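To start, the structure itself, in structure tokens.
Readers should treat all values here as calculations from the given coordinates under stated rules, not as data from a laboratory. Computed from a predicted model, the values in this text were never measured in an experiment. Glycine gets a Cβ as well: all are built from the backbone with ideal geometry, and neighbour counts include every protein chain shown.
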Amino acid sequence: MGLGVAECFAAAGIGVRLTDATPDLTRRAKERLVQRARGHAEAGLLAGEAAGRVEAVETAEGAAEAASGVDLVFEAVPEDIRLKHDTLGACSGAAPPEAVVVSNTSSLPINTLSEFVERPERFCGMHWFNPPEWTPGIEVIPAVATDAEIVEKIVEFLRGIGKRPAIVGDGPGFVANRIQNALFLEAVRCVEEGLASPREVDEVVRGCFGFRLPFFGPFQIADMAGLDVYESVLGVLKEGLGERFEAPTALRELVERGRTGTKSGAGFLDYTEEERKRLLLERDRRYAALNELLEELPPVSAGSEEAP
């Protein structure tokens, strides 16, 4: 993850200084980074001049040297709280007082990590996703101590390099992992219950509701489908599969108020008639374009199948 983010920053024209646990590991990390960028350039994924900027990434002998004089400290060590403690302490202690300090983590509590940072008001959590060079979404997770201006700076910075940040709270798994793992657990249950093979479950996700997700999130998809429909389906799921499919109170209340989605002009979101028509037409245009793109792309090898 750290190398991918370093490539992303450097390709965007940002000066990067890289370090690892030892000088030898730092040297090898730089070599892998250069090989990675060259491979992306050969595959047509990265412009030659951008690959050249990646090759110009500097290295440093240790956290103190790496953090000296920088505007942003980006820490991406493994998910070990003690290692985070030592690294964040060393980096924040060596960085200029005005430097922003961020920690990339997929699960560790940001408020706890903020305690390891000198001047925690300039600290914020980030959650990047693999592969970081191409995945646009990034969760930005402020700690209680984080200054609001720091969050604004981070969001502006990420948008400036072509990312799509979302500010989320410091809860278990944040947002993405919580939703992603809920999906994964149900996918495994479908296989365990004999409903489908792993290959077929993947095909259902790719070709059905997953097909919509590049353009719309779950709330807008639900609005377009109809919240009354969702409530009805959840009733069937609850009857057959138990309380985990209990319709949320927020959903039931919206349906009771007649806010059933785009067809009524309001659901989780509000829609004027013009907005509703434009949304549905744009939805159809995007789905058609994606379908054409998928027809043009060669199939991805899925590997041999063996059910759990």
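In whole percent, what relative contact order does the chain give with Cα contacts below 8 Å and a gap of six or more residues?
Values: 394 pairs, mean separation 32.2, N = 308.
Averaging sequence separation for qualifying contacts and normalising by length gives 10 percent for the chain.
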Check: How big is the chain by Rg and Dmax over its Cα atoms, in Å?
Finding: 22.8, 64
Margin query: 7 Å from Cα along Cα→Cβ at both Asp202 and Ile161: what's the point-to-point distance in nm?
Written below: 3.0 nm
Notebook entry, point to check: What is the dipole size for segment 63-157, taken about its Cα centre, with +1 at each Lys and Arg Cβ and -1 at each Asp and Glu Cβ, in debye to the nearest 20?
Noted result: 160 debye
Item checked: Residue exposure sequence - Ser301, Ser92, Ser106, Ser232 - by fewest surrounding Cβ within 10 Å -> Ser301, Ser232, Ser106, Ser92
Note to self: Straight-line reach only, C-alpha to C-alpha below 20 angstrom: list the lysines that Lys153 could link to, leaving out same-chain residues fewer than 8 apart.
What the structure shows: Lys163
Notebook entry, point to check: At q = 0.10, 0.11, 0.13, 0.14 Å⁻¹, what base-10 log of I(q)/I(0) does the Debye formula yield for segment 215-296 when every alpha carbon is treated as an equal point scatterer in vacuo?
Noted result: -0.31, -0.37, -0.49, -0.56
Next item on the list: Would you please give the FRET efficiency between Leu185 and Ser301, computed as 1/(1 + (r/R0)^6) with r the Cβ-Cβ distance and R0 = 25 Å, to the nearest 0.05?
Entry: 0.45
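So how do His40, His85 line up by other beta-carbon neighbours within 10 Å, fewest first?
Going from least to most buried by this count: His85, His40.
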Check: In which sequence would Trp128, Trp134 go, from the one with the fewest C-beta neighbours within 10 Å to the one with the most?
Finding: Trp134, Trp128
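How high is the relative contact order of segment 215-296, in percent, counting Cα pairs under 8 Å that sit 6 or more residues apart?
So the answer I get is 29 percent.
Starting from 0.36 nm per residue, how many nanometres of slack lie between Ala289 and Arg244 once their C-alpha separation is accounted for?
Going from the current span to full extension adds 12.6 nm.
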Checklist line | Amide H contacts of Met126 (H built 1.01 Å from N, under 5 Å, at least 5 apart or other chain) | finding: Ser103, Asn104, Thr105, Ile141
Check: Taking Rh as the Kirkwood radius computed over C-alpha pairs, what is the Stokes-Einstein D of segment 2-167 at 25 °C in a medium of viscosity 0.890 mPa s, expressed in µm² per second?
Finding: 153 µm²/s
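Let's see if you can work this out: charge +1 on each Lys and Arg Cβ, -1 on each Asp and Glu Cβ, no other charges. What is the dipole magnitude of the chain about its Cα centre, in debye to the nearest 20?
Magnitude of the dipole: close to 380 debye.
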Next item on the list: Could you tell me, in Å, what Rg and Dmax come out for the Cα atoms of segment 97-209?
Entry: 17.5, 58
Notebook entry, point to check: For segment 215-296, with the dipole built from +1 on Lys and Arg beta-carbon atoms and -1 on Asp and Glu ones, taken about the Cα centre, which of Leu269, Leu290, Met224 lies farthest toward the positive end?
Noted result: Leu269
